[in-house]
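Contents: one structure, followed by commentary.
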Amino acid sequence: MNFLDDFNQMSTFGATPGGGVDRQAATAEDAQTRAWFTQWLQGNGFEVFTDEIGNIFGLYTFTPDAPYVLMGSHLDSQPLAGKYDGAYGVLSAAHAALRVVQNHQAAGTTPAYNVAVVDWFNEEGSRFKPSMMGSAVFTGVLPLEKALATTDRNGVTVAQALDLIGGRGEARRFPIAAYAEIHIEQGKILEELGKTIGVVEGTWCAYKYEILISGEQAHTGSTRMADRRDALLAAALFIVAVRELCDGFEVEQLHTSVAELDVLPNSPVAIAREVQLLADLRAPESSVLHVAFERLTEQIKAIEARTGCTVEIVGKSIWESGPFAGEAIALTERAAEATGHTHHRLVTLAGHDATNMKNIVPTVLVFVPSVDGLSHNEHEYTIDADLLAGLDVFSHIAGELAEGALDGVSG
(Lines give C-alpha, C1' and ligand atoms only; values in the text may rest on other atoms or scores of the structure.)
Protein backbone atom coordinates (compact mmCIF):
# COMPACT_ATOMS: atom_id res chain seq x y z
CA MET A 1 0.00 0.00 0.00
CA ASN A 2 1.23 3.50 -0.78
CA PHE A 3 1.70 5.56 2.36
CA LEU A 4 1.74 8.95 0.64
CA ASP A 5 -1.47 8.19 -1.26
CA ASP A 6 -3.16 7.25 2.01
CA PHE A 7 -1.83 10.35 3.71
CA ASN A 8 -3.08 12.61 0.93
CA GLN A 9 -6.51 10.97 1.04
CA MET A 10 -6.71 11.33 4.82
CA SER A 11 -5.73 15.01 4.51
CA THR A 12 -8.85 15.79 2.47
CA PHE A 13 -11.02 15.50 5.58
CA GLY A 14 -11.42 18.94 7.10
CA ALA A 15 -9.08 20.42 4.49
CA THR A 16 -8.61 24.19 4.58
CA PRO A 17 -7.89 26.60 1.70
CA GLY A 18 -4.36 27.19 2.99
CA GLY A 19 -3.38 23.53 2.72
CA GLY A 20 -4.00 22.49 6.31
CA VAL A 21 -6.89 20.88 8.15
CA ASP A 22 -9.46 21.91 10.74
CA ARG A 23 -10.93 18.91 12.53
CA GLN A 24 -11.23 19.54 16.23
CA ALA A 25 -12.22 16.69 18.50
CA ALA A 26 -15.66 15.15 17.89
CA THR A 27 -16.61 17.56 15.12
CA ALA A 28 -18.08 16.40 11.82
CA GLU A 29 -14.64 16.70 10.22
CA ASP A 30 -13.04 14.60 12.95
CA ALA A 31 -15.82 12.04 12.54
CA GLN A 32 -15.09 11.76 8.80
CA THR A 33 -11.41 11.13 9.46
CA ARG A 34 -12.19 8.58 12.17
CA ALA A 35 -14.58 6.75 9.85
CA TRP A 36 -11.99 6.62 7.05
CA PHE A 37 -9.34 5.35 9.44
CA THR A 38 -11.68 2.71 10.83
CA GLN A 39 -12.42 1.46 7.32
CA TRP A 40 -8.68 1.38 6.55
CA LEU A 41 -8.00 -0.77 9.60
CA GLN A 42 -10.90 -3.12 8.93
CA GLY A 43 -9.93 -3.44 5.29
CA ASN A 44 -6.46 -4.55 6.32
CA GLY A 45 -7.55 -7.22 8.75
CA PHE A 46 -7.54 -5.36 12.06
CA GLU A 47 -10.25 -5.81 14.68
CA VAL A 48 -11.52 -2.31 15.47
CA PHE A 49 -13.25 -1.02 18.59
CA THR A 50 -13.81 2.33 20.29
CA ASP A 51 -13.46 2.69 24.04
CA GLU A 52 -15.43 4.73 26.57
CA ILE A 53 -13.58 8.02 25.89
CA GLY A 54 -13.55 7.73 22.10
CA ASN A 55 -10.11 6.24 21.49
CA ILE A 56 -10.09 4.06 18.36
CA PHE A 57 -8.07 0.84 18.53
CA GLY A 58 -7.14 -1.53 15.74
CA LEU A 59 -5.84 -4.92 16.92
CA TYR A 60 -4.09 -7.62 14.94
CA THR A 61 -3.85 -10.81 16.95
CA PHE A 62 -1.26 -13.45 16.11
CA THR A 63 -1.51 -15.22 19.45
CA PRO A 64 -4.62 -14.98 21.66
CA ASP A 65 -3.85 -13.84 25.22
CA ALA A 66 -0.41 -12.51 24.25
CA PRO A 67 0.25 -8.80 24.96
CA TYR A 68 0.15 -6.16 22.23
CA VAL A 69 2.68 -3.63 21.02
CA LEU A 70 0.58 -0.44 20.77
CA MET A 71 1.45 2.35 18.32
CA GLY A 72 -0.31 5.57 17.41
CA SER A 73 -0.99 9.26 17.86
CA HIS A 74 -4.06 11.45 17.17
CA LEU A 75 -6.25 12.52 14.24
CA ASP A 76 -7.83 15.64 15.79
CA SER A 77 -6.31 19.06 15.08
CA GLN A 78 -6.12 22.61 16.27
CA PRO A 79 -8.36 25.18 14.52
CA LEU A 80 -6.94 26.08 11.09
CA ALA A 81 -4.01 23.75 11.65
CA GLY A 82 -1.45 21.70 9.77
CA LYS A 83 -2.19 18.25 8.36
CA TYR A 84 0.91 16.52 9.77
CA ASP A 85 0.58 17.03 13.53
CA GLY A 86 -0.72 13.79 14.98
CA ALA A 87 -2.21 12.38 11.78
CA TYR A 88 1.20 11.42 10.39
CA GLY A 89 1.85 9.39 13.51
CA VAL A 90 -1.47 7.55 13.35
CA LEU A 91 -1.06 6.57 9.71
CA SER A 92 2.61 5.65 10.22
CA ALA A 93 1.60 3.40 13.09
CA ALA A 94 -1.01 1.70 10.92
CA HIS A 95 1.41 1.14 8.06
CA ALA A 96 4.18 -0.02 10.40
CA ALA A 97 1.84 -2.49 12.08
CA LEU A 98 0.71 -3.77 8.68
CA ARG A 99 4.34 -4.26 7.64
CA VAL A 100 4.92 -6.37 10.74
CA VAL A 101 1.89 -8.48 9.85
CA GLN A 102 2.87 -8.90 6.20
CA ASN A 103 6.50 -9.69 7.00
CA HIS A 104 5.51 -12.49 9.36
CA GLN A 105 2.88 -13.81 6.99
CA ALA A 106 5.43 -13.96 4.19
CA ALA A 107 7.95 -15.72 6.42
CA GLY A 108 5.41 -18.06 7.99
CA THR A 109 6.45 -16.94 11.46
CA THR A 110 4.73 -15.58 14.55
CA PRO A 111 6.11 -12.67 16.61
CA ALA A 112 6.30 -12.73 20.39
CA TYR A 113 3.64 -10.02 20.65
CA ASN A 114 0.52 -8.94 18.80
CA VAL A 115 0.31 -5.45 17.28
CA ALA A 116 -2.24 -2.68 17.81
CA VAL A 117 -2.84 0.85 16.51
CA VAL A 118 -4.58 3.74 18.26
CA ASP A 119 -6.08 7.13 17.47
CA TRP A 120 -6.16 8.93 20.83
CA PHE A 121 -9.21 11.13 21.35
CA ASN A 122 -8.81 14.89 21.85
CA GLU A 123 -5.03 15.05 22.07
CA GLU A 124 -5.03 18.70 21.02
CA GLY A 125 -7.33 20.00 23.75
CA SER A 126 -8.51 22.88 21.57
CA ARG A 127 -12.21 22.11 21.92
CA PHE A 128 -12.11 20.32 25.27
CA LYS A 129 -9.49 20.87 27.97
CA PRO A 130 -7.16 19.32 28.93
CA SER A 131 -5.09 18.10 26.01
CA MET A 132 -4.06 14.43 25.73
CA MET A 133 -7.48 13.56 27.13
CA GLY A 134 -7.92 10.11 25.59
CA SER A 135 -4.57 8.78 26.71
CA ALA A 136 -4.99 10.44 30.11
CA VAL A 137 -8.21 8.50 30.72
CA PHE A 138 -6.69 5.31 29.34
CA THR A 139 -3.70 5.54 31.69
CA GLY A 140 -5.74 6.62 34.72
CA VAL A 141 -4.34 10.15 34.93
CA LEU A 142 -7.80 11.67 34.30
CA PRO A 143 -11.05 10.20 35.68
CA LEU A 144 -13.47 9.15 32.95
CA GLU A 145 -16.44 10.91 34.55
CA LYS A 146 -14.56 14.20 34.71
CA ALA A 147 -13.49 13.92 31.08
CA LEU A 148 -16.99 13.09 29.83
CA ALA A 149 -18.49 16.03 31.75
CA THR A 150 -16.01 18.54 30.32
CA THR A 151 -17.69 21.18 28.16
CA ASP A 152 -16.60 23.21 25.18
CA ARG A 153 -17.24 26.96 24.99
CA ASN A 154 -20.79 26.28 23.78
CA GLY A 155 -21.64 24.07 26.75
CA VAL A 156 -21.51 20.78 24.83
CA THR A 157 -20.03 18.00 26.94
CA VAL A 158 -17.51 15.46 25.71
CA ALA A 159 -20.12 12.75 26.23
CA GLN A 160 -22.67 14.61 24.11
CA ALA A 161 -20.15 15.37 21.37
CA LEU A 162 -18.99 11.76 21.18
CA ASP A 163 -22.54 10.47 21.11
CA LEU A 164 -23.41 12.83 18.26
CA ILE A 165 -20.73 11.25 16.07
CA GLY A 166 -21.24 7.72 17.36
CA GLY A 167 -17.79 7.87 18.87
CA ARG A 168 -18.26 6.42 22.35
CA GLY A 169 -17.87 2.74 23.00
CA GLU A 170 -17.41 0.48 26.01
CA ALA A 171 -14.47 0.17 28.38
CA ARG A 172 -12.08 -2.47 27.16
CA ARG A 173 -8.49 -3.11 28.14
CA PHE A 174 -5.88 -5.45 26.73
CA PRO A 175 -2.33 -6.23 27.88
CA ILE A 176 0.31 -3.91 26.43
CA ALA A 177 3.99 -4.82 26.21
CA ALA A 178 5.23 -1.48 24.82
CA TYR A 179 4.07 1.76 23.19
CA ALA A 180 5.60 3.68 20.27
CA GLU A 181 4.76 7.00 18.63
CA ILE A 182 6.21 8.98 15.76
CA HIS A 183 5.52 12.69 15.30
CA ILE A 184 6.72 15.75 13.48
CA GLU A 185 9.21 17.68 15.61
CA GLN A 186 7.29 21.00 15.68
CA GLY A 187 10.66 22.69 16.15
CA LYS A 188 13.80 23.55 14.20
CA ILE A 189 16.53 21.41 15.75
CA LEU A 190 16.57 18.54 13.25
CA GLU A 191 16.34 20.87 10.27
CA GLU A 192 19.14 23.10 11.56
CA LEU A 193 21.39 20.10 12.22
CA GLY A 194 20.56 18.39 8.96
CA LYS A 195 19.39 15.24 10.75
CA THR A 196 16.48 13.03 9.67
CA ILE A 197 15.43 11.25 12.87
CA GLY A 198 14.86 12.77 16.28
CA VAL A 199 15.50 10.37 19.14
CA VAL A 200 13.41 11.72 22.00
CA GLU A 201 15.10 11.19 25.36
CA GLY A 202 12.84 13.22 27.64
CA THR A 203 9.94 15.63 28.05
CA TRP A 204 9.49 19.11 29.46
CA CYS A 205 7.05 19.93 32.26
CA ALA A 206 3.86 21.78 31.40
CA TYR A 207 1.77 23.59 34.00
CA LYS A 208 -1.49 25.02 32.63
CA TYR A 209 -3.72 27.30 34.69
CA GLU A 210 -7.33 28.23 33.92
CA ILE A 211 -7.78 31.82 35.07
CA LEU A 212 -11.00 33.70 35.86
CA ILE A 213 -10.74 37.49 36.08
CA SER A 214 -13.80 39.24 37.51
CA GLY A 215 -14.55 42.95 37.29
CA GLU A 216 -17.74 44.98 36.87
CA GLN A 217 -19.68 45.63 33.70
CA ALA A 218 -20.21 49.33 33.08
CA HIS A 219 -20.53 51.96 30.36
CA THR A 220 -17.34 52.62 28.38
CA GLY A 221 -18.09 56.32 28.09
CA SER A 222 -19.91 57.56 31.15
CA THR A 223 -18.17 55.57 33.90
CA ARG A 224 -15.47 57.54 35.68
CA MET A 225 -12.00 56.12 35.13
CA ALA A 226 -11.42 55.88 38.87
CA ASP A 227 -14.61 53.83 39.27
CA ARG A 228 -13.83 51.23 36.66
CA ARG A 229 -13.11 47.57 37.40
CA ASP A 230 -12.11 46.55 33.90
CA ALA A 231 -11.54 42.80 33.67
CA LEU A 232 -10.01 43.14 30.22
CA LEU A 233 -7.44 45.64 31.52
CA ALA A 234 -6.57 43.18 34.28
CA ALA A 235 -6.27 40.43 31.65
CA ALA A 236 -3.93 42.57 29.56
CA LEU A 237 -1.69 43.17 32.56
CA PHE A 238 -1.80 39.46 33.38
CA ILE A 239 -0.80 38.49 29.83
CA VAL A 240 2.19 40.83 29.94
CA ALA A 241 3.16 39.48 33.36
CA VAL A 242 3.09 35.91 32.05
CA ARG A 243 5.34 36.83 29.13
CA GLU A 244 7.78 38.76 31.33
CA LEU A 245 8.29 35.76 33.59
CA CYS A 246 10.73 34.48 30.96
CA ASP A 247 13.00 37.49 31.52
CA GLY A 248 13.84 36.21 34.99
CA PHE A 249 15.38 32.96 33.73
CA GLU A 250 18.14 31.88 31.38
CA VAL A 251 17.23 32.05 27.69
CA GLU A 252 14.93 29.17 26.64
CA GLN A 253 14.67 27.81 30.19
CA LEU A 254 11.05 28.89 30.46
CA HIS A 255 8.35 29.11 27.80
CA THR A 256 5.11 30.93 28.61
CA SER A 257 1.96 31.84 26.75
CA VAL A 258 -1.63 32.97 27.10
CA ALA A 259 -3.34 31.50 24.06
CA GLU A 260 -7.04 31.46 24.89
CA LEU A 261 -9.26 34.39 25.83
CA ASP A 262 -13.02 34.70 26.41
CA VAL A 263 -14.42 38.13 27.25
CA LEU A 264 -17.87 39.03 28.62
CA PRO A 265 -19.95 40.79 27.52
CA ASN A 266 -17.61 41.46 24.59
CA SER A 267 -19.57 44.55 23.60
CA PRO A 268 -18.02 47.72 22.08
CA VAL A 269 -19.77 49.92 24.66
CA ALA A 270 -19.46 47.86 27.82
CA ILE A 271 -16.49 47.51 30.15
CA ALA A 272 -15.66 43.82 30.48
CA ARG A 273 -17.06 42.17 33.60
CA GLU A 274 -15.26 38.85 33.11
CA VAL A 275 -12.34 37.32 31.25
CA GLN A 276 -11.42 33.66 31.14
CA LEU A 277 -8.01 32.68 29.88
CA LEU A 278 -5.43 29.92 30.07
CA ALA A 279 -1.81 30.45 31.10
CA ASP A 280 0.65 27.88 29.76
CA LEU A 281 4.05 27.57 31.49
CA ARG A 282 6.68 25.05 30.38
CA ALA A 283 10.22 24.25 31.46
CA PRO A 284 12.68 21.35 31.59
CA GLU A 285 12.35 21.05 35.37
CA SER A 286 9.40 21.53 37.72
CA SER A 287 11.58 23.64 40.03
CA VAL A 288 11.66 26.35 37.37
CA LEU A 289 7.88 26.33 37.12
CA HIS A 290 7.47 26.51 40.89
CA VAL A 291 9.61 29.65 41.02
CA ALA A 292 7.81 31.13 38.01
CA PHE A 293 4.43 30.48 39.62
CA GLU A 294 5.50 32.16 42.87
CA ARG A 295 6.55 35.24 40.91
CA LEU A 296 3.28 35.18 38.95
CA THR A 297 1.33 35.04 42.22
CA GLU A 298 3.00 38.26 43.34
CA GLN A 299 2.13 39.88 40.02
CA ILE A 300 -1.49 38.80 40.44
CA LYS A 301 -1.68 40.64 43.76
CA ALA A 302 -0.35 43.79 42.10
CA ILE A 303 -2.83 43.50 39.24
CA GLU A 304 -5.74 43.10 41.64
CA ALA A 305 -4.63 46.14 43.62
CA ARG A 306 -4.23 48.24 40.48
CA THR A 307 -7.50 47.29 38.73
CA GLY A 308 -9.91 46.42 41.56
CA CYS A 309 -10.55 43.07 39.85
CA THR A 310 -10.11 39.59 41.25
CA VAL A 311 -7.85 37.03 39.55
CA GLU A 312 -8.62 33.42 40.43
CA ILE A 313 -7.10 30.10 39.41
CA VAL A 314 -10.16 27.93 38.77
CA GLY A 315 -8.46 24.90 37.25
CA LYS A 316 -5.09 23.48 36.36
CA SER A 317 -3.45 20.55 34.61
CA ILE A 318 0.12 19.47 35.25
CA TRP A 319 2.39 17.28 33.14
CA GLU A 320 5.74 16.56 34.76
CA SER A 321 9.00 16.10 32.90
CA GLY A 322 10.77 12.79 32.73
CA PRO A 323 13.15 10.67 30.68
CA PHE A 324 12.34 7.88 28.29
CA ALA A 325 14.03 4.59 29.08
CA GLY A 326 17.61 4.30 27.89
CA GLU A 327 16.81 1.03 26.15
CA ALA A 328 14.02 2.74 24.18
CA ILE A 329 16.38 5.52 23.12
CA ALA A 330 19.01 3.00 22.03
CA LEU A 331 16.38 1.06 20.07
CA THR A 332 15.49 4.14 18.03
CA GLU A 333 19.14 4.89 17.33
CA ARG A 334 19.73 1.31 16.14
CA ALA A 335 16.65 1.51 13.92
CA ALA A 336 17.85 4.77 12.34
CA GLU A 337 21.28 3.30 11.66
CA ALA A 338 19.86 0.05 10.32
CA THR A 339 17.76 1.97 7.79
CA GLY A 340 20.56 4.37 6.87
CA HIS A 341 19.25 7.59 8.42
CA THR A 342 21.03 10.19 10.51
CA HIS A 343 19.74 10.85 14.01
CA HIS A 344 20.04 13.22 16.94
CA ARG A 345 18.89 13.07 20.56
CA LEU A 346 16.55 15.80 21.77
CA VAL A 347 13.74 16.47 24.24
CA THR A 348 10.14 17.30 23.43
CA LEU A 349 8.80 20.66 24.55
CA ALA A 350 5.32 19.81 23.24
CA GLY A 351 3.03 17.32 24.91
CA HIS A 352 2.31 13.97 23.27
CA ASP A 353 0.30 10.92 24.24
CA ALA A 354 3.63 9.18 24.75
CA THR A 355 4.03 11.48 27.77
CA ASN A 356 1.19 9.61 29.46
CA MET A 357 2.04 6.17 28.13
CA LYS A 358 5.68 6.23 29.24
CA ASN A 359 4.50 6.12 32.84
CA ILE A 360 2.87 2.70 32.45
CA VAL A 361 4.79 0.80 29.73
CA PRO A 362 8.18 1.04 27.95
CA THR A 363 7.69 3.83 25.41
CA VAL A 364 9.46 5.04 22.27
CA LEU A 365 8.97 8.54 20.82
CA VAL A 366 10.46 9.42 17.43
CA PHE A 367 10.54 12.73 15.52
CA VAL A 368 10.94 13.70 11.88
CA PRO A 369 11.88 17.27 10.82
CA SER A 370 9.45 20.17 10.54
CA VAL A 371 10.27 22.75 7.88
CA ASP A 372 11.01 26.07 9.63
CA GLY A 373 9.81 24.47 12.87
CA LEU A 374 6.28 25.63 12.09
CA SER A 375 3.32 23.81 13.63
CA HIS A 376 -0.31 24.42 14.65
CA ASN A 377 -0.49 26.38 11.40
CA GLU A 378 -1.87 25.62 7.93
CA HIS A 379 1.65 25.90 6.49
CA GLU A 380 3.09 23.18 8.73
CA TYR A 381 5.19 20.98 6.43
CA THR A 382 7.44 17.95 6.38
CA ILE A 383 8.93 16.83 3.08
CA ASP A 384 7.85 13.48 1.66
CA ALA A 385 11.36 12.01 1.91
CA ASP A 386 11.39 12.63 5.66
CA LEU A 387 7.88 11.21 6.06
CA LEU A 388 8.97 8.01 4.34
CA ALA A 389 12.28 7.85 6.22
CA GLY A 390 10.40 8.14 9.48
CA LEU A 391 8.04 5.37 8.42
CA ASP A 392 10.97 3.07 7.60
CA VAL A 393 12.60 3.72 10.97
CA PHE A 394 9.31 3.35 12.81
CA SER A 395 8.52 0.10 11.00
CA HIS A 396 11.89 -1.26 12.08
CA ILE A 397 11.10 -0.25 15.66
CA ALA A 398 7.68 -1.92 15.43
CA GLY A 399 9.24 -5.14 14.26
CA GLU A 400 11.77 -5.12 17.10
CA LEU A 401 9.11 -4.34 19.70
CA ALA A 402 6.96 -7.18 18.44
CA GLU A 403 9.89 -9.50 19.20
CA GLY A 404 10.22 -8.20 22.75
CA ALA A 405 13.01 -5.65 22.28
CA LEU A 406 11.99 -3.79 25.45
CA ASP A 407 11.16 -6.79 27.62
CA GLY A 408 12.21 -6.17 31.19
CA VAL A 409 12.23 -2.38 30.77
CA SER A 410 10.00 -0.57 33.23
CA GLY A 411 7.44 2.00 32.10
Out of Gly54, Gly72, Gly58, sole residue that is modelled with pLDDT of 95 or more, out of contact with any Cys (no Cβ under 9 Å at 6 or more places or on another chain), under 21 Å from Phe367 (Cα atoms) and not in a helix (DSSP H, G or I): Gly72
- prompt: Which of (1) touching a strand residue (DSSP E or B) at 6+ places or on another chain (Cβ under 6 Å); (2) outside the structural domain of Ser395 (by TED's automatic domain parsing); (3) assigned to a loop (DSSP other than H, G, I, E, B) does Glu250 not meet, given it meets every other one?
  reply: (1)
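Would you confirm whether any residue within region 274-281 is outside the structural domain of Asn356 (by TED's automatic domain parsing), more than 23 Å from the chain's Cα centre (by Cα) and surrounded by 12 or more Cβ atoms within 10 Å (Cβ to Cβ)?
Of all residues in region 274-281, those outside the structural domain of Asn356 (by TED's automatic domain parsing) come to 274-281.
When the remaining residues are screened for being more than 23 Å from the chain's Cα centre (by Cα), the result is 274-275.
Going one step further and asking which of them are surrounded by 12 or more Cβ atoms within 10 Å (Cβ to Cβ), we end up with 274-275.
Within region 274-281 (the criterion being outside the structural domain of Asn356 (by TED's automatic domain parsing), more than 23 Å from the chain's Cα centre (by Cα) and surrounded by 12 or more Cβ atoms within 10 Å (Cβ to Cβ)), the answer is yes, since at least one residue qualifies.
Do you know which of the residues in region 383-411 that are in a loop (DSSP other than H, G, I, E, B) and under 21 Å from Asn359 (Cα atoms) is modelled with the lowest pLDDT?
Going through region 383-411, the residues in a loop (DSSP other than H, G, I, E, B) turn out to be 383, 403-411.
Filter again for under 21 Å from Asn359 (Cα atoms), leaving 404-411.
Working: Gly404: 97, Ala405: 96, Leu406: 96, Asp407: 95, Gly408: 89, Val409: 90, Ser410: 80, Gly411: 69.
Checked region 383-411; the qualifying residue modelled with the lowest pLDDT is Gly411.
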query: Which members of region 282-312 meet the condition of being under 23 Å from the mean Cα position of the chain (by Cα) and in a strand (DSSP E or B)?
result: Arg282, Ala283
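This table checks each residue for (1) part of a loop (DSSP other than H, G, I, E, B); (2) within 30 Å of Ala66 (Cα to Cα); (3) of a type outside the set (A, V, I, L, M); (4) at pLDDT 95 or above.
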| residue | (1), (2), (3), (4) |
| --- | --- |
| Leu148 | no, no, no, yes |
| Arg172 | yes, yes, yes, no |
| Tyr207 | no, no, yes, yes |
| Ser222 | yes, no, yes, yes |
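The values are calculated or read from the model by the stated rules, or taken from the named source; none is laboratory data. None of the values given here were measured: they were computed from a predicted structure. Methodologically, a virtual Cβ is constructed for each residue, glycine included, from the backbone with ideal geometry; neighbour enumeration extends over all protein chains shown.
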